[in-house]
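Engineer: Pasting in a structure now, in structure tokens, and then I'll have a few things to ask.
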């Protein structure tokens, strides 16, 4: 796979995940407003709901960062010098 194609697929995935997460957060906020209109429904605690709405995007960001690092390894790291047995002195 060419680096250009890999980057294109990566960024398409990033945008798709971002759109999905925004939709999830908006749905969470809309559901919260709906709970106020209907007291018969028993929602989860506010903190629990926020944690379950925010935790997956944070984990996804971590996965995307690790994926980016795997696609683009650092090349500015210093080369390691190893002295083998029988190396010229």
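The numbers here are math on the coordinates, done by the rules we state, and not lab data. Quick caveat, the model's predicted, so the values are computed rather than measured.
Engineer: Would you mind calculating the gained length between residue 50 and residue 16 on full extension (0.36 nm times residue separation, minus the Cα-Cα distance), in nm to one decimal? The partial results should precede the final answer.
Structural biologist: On the way: separation 34, 0.36 × 34 = 12.24 nm, distance 2.14 nm.
Contour length minus the Cα-Cα distance gives 10.1 nm.
Engineer: Subtracting the Cα-Cα distance from 0.36 nm times the residue separation, let me have the gained length for residue 76 to residue 24 in nm, one decimal. Can you show the working numbers first?
Structural biologist: Working: separation 52, 0.36 × 52 = 18.72 nm, distance 3.87 nm.
Length gained, residue 76 through residue 24: 14.8 nm.
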